[in-house]
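Note sheet for the following structure.
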């Protein structure tokens with residue numbers, strides 16, 4: 001009898017004191033603005049999640065990119081790269097909380113060099129309905145609609161996060177080691193298959 005009780009007790013302790021996959025899984029998330037998304041994926045690194053709706057007739061991609069366990073002094077970005085699974089050529093959505101008044105800044109930035117500080121610029125795709133939130137003192141979310149082309153059922157995605165430059169109130173370079181150099185992959189917008 002004691003042998004059966006011990007594993008059960010250990011399971012309860014592990015569940016209580018270890019952040020469970022289920023607690024962070026994208027499927028369990030409810031957005032405070034009542035937005036809903038038909039598909040989502042837990043991204044493998046950088047505490048990030050992608051939620052989306054894809055309209056196969058208009059090629060419109062509604063996305064919500066969430067980054068958790070962060071602070072108000074860091075920026076986040078999610079991007080599509082038509083050139084491949086790399087940083088250069090990424091068409092990025094960027095967000096952070098401004099230092100001066102606490103409001104959210106969200107904008108687009110084409111990534112043209114490894115030393116980029118993500119200046120604002122026009123992307124290869126039209127982007128509309130952009131907004132961002134910083135909630136629970138630890139979670140930044142970017143919302144947007146990206147207007148794709150008919151040949152983009154599978155996309156190369158890149159995501160990233162990094163520190164803010166306090167003086168300029170904008171992004172500084174992100175780390176160039178560990179998870180920061182493996183935050184990319186492919187995503188099939190219809191099946192949700194990732195690689």
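A single member of 106, 158 is touching a residue at least 60 places away in the same chain (Cβ under 8 Å), within 24 Å of residue 42 (Cβ to Cβ), buried (at least 16 other Cβ atoms within 10 Å of the Cβ) and touching a strand residue (DSSP E or B) at 6+ places or on another chain (Cβ under 7 Å), and it is 158. Scanning the range 170-191 for residues that are more than 16 Å from residue 78 (Cβ to Cβ) and not in a helix (DSSP H, G or I) yields a total of 9.
Which of the residues that make up the range 146-169 are assigned to a strand (DSSP E or B), over 16 Å from the mean Cα position of the chain (by Cα) and under 29 Å from residue 101 (Cα atoms)? Before you say what the answer is, go through the steps one by one.
Here is the first cut: in the range 146-169, the residues assigned to a strand (DSSP E or B) are 146-147, 154-165.
From the residues that got through so far, the ones that are over 16 Å from the mean Cα position of the chain (by Cα) too are 147, 154, 164-165.
If the condition is that a residue be assigned to a strand (DSSP E or B), over 16 Å from the mean Cα position of the chain (by Cα) and under 29 Å from residue 101 (Cα atoms), then 164, 165 are the ones that fit.
The residue list 134, 143 contains one member that is touching a residue at least 24 places away in the same chain (Cβ under 8 Å), in a strand (DSSP E or B) and more than 25 Å from residue 190 (Cβ to Cβ), which is 134. Return yes when residue 23 is farther than 22 Å from residue 169 by Cβ, exposed (fewer than 14 other Cβ atoms within 10 Å of the Cβ) and modelled with pLDDT of 95 or more and no when it is not. It is false that residue 23 is farther than 22 Å from residue 169 by Cβ, exposed (fewer than 14 other Cβ atoms within 10 Å of the Cβ) and modelled with pLDDT of 95 or more.
Within the range 124-145, not a single residue is surrounded by 14 or more Cβ atoms within 10 Å (Cβ to Cβ) and touching a helix residue (DSSP H, G or I) at 6+ places or on another chain (Cβ under 9 Å).
The values are calculated or read from the model by the stated rules, or taken from the named source; none is laboratory data. Small disclaimer: the values here were computed from a predicted structure and weren't measured. Quick reminder, even Gly has a Cβ in these numbers, built from the backbone with ideal geometry, and neighbours come from all protein chains shown.
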